[in-house]
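Here the structure comes first, spelled out in structure tokens, and everything after it is commentary.
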């Protein structure tokens with residue numbers, strides 16, 4: 001599963017987090033979530049009326065992200081170093097001579 005890069009705008013990031021939570025809540029089901037944490041299904045339903053949005057803004061404020069289980073997170077410096085290495089390898093590959101006549 002691929003996810004889009006998170007927006008730098010805090011409001012947009014909060015909406016992305018809220019959207020991800022709501023999609024997962026929909027796929028898992030309110031009843032299952034409610035039973036798992038020992039609350040009523042109606043309480044979970046009421047979360048959708050602003051509580052999830054509020055917590056999404058708190059997560060952004062705290063500098064936290066919400067990502068699916070199958071997504072791996074890596075530090076930005078690591079990703080940048082991989083990009084640099086990839087660019088360098090592609091540059092070298094484009095300069096490599098073609099096949100020799102006896103190959």
Computed helical MRE - 222 nm, the chain, DSSP H runs ≥ 4 contributing -39500 (n - 2.57), nearest 500: -19000 deg cm²/dmol
Output the 0 to 90 degree angle, nearest 10, between the alpha-carbon long axis of helix 52-61 and the longest principal axis computed from the alpha carbons of the chain. 50 degrees
Could you give me D for the range 10-70, from Stokes-Einstein at 4 °C and 1.567 mPa s, where the hydrodynamic radius is the Kirkwood radius over C-alpha pairs? Units µm² s⁻¹, please. 108 µm²/s
Give the dimensionless ratio obtained when the Cα radius of gyration of the chain is divided by 2.2 N^0.38 Å. 1.71
Tilt relative to the chain, helix 10-28 - C-alpha long axis, 0 to 90 degrees, to 10: 70 degrees
Of the listed peptides 42-51, 87-96, what is their order by residue-averaged count of other C-beta atoms within 10 Å, with the highest listed first? 42-51, 87-96
Relative contact order of the chain: what whole-number percent is it, with Cα pairs under 8 angstrom and at least 6 residues apart? 30 percent
Between 0 and 90°, nearest 10: helix 76-95 axis offset from the chain longest Cα axis: 30 degrees
Under a point spin-label approximation (7 Å from Cα along Cα-to-Cβ), what is the residue 94-residue 58 distance to one decimal in nm? 4.9 nm
Ordering of 74-84, 9-19 by packing [mean C-beta count within 10 Å, highest first]: 9-19, 74-84
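Throughout, read-outs are computed from the coordinates displayed, never taken from laboratory work. Owing to the predicted nature of the structure, the values given are computational and were not obtained by experimental measurement. For neighbour counting, all protein chains shown are included, and Cβ atoms are generated from backbone atoms with ideal geometry for every residue, glycine included.
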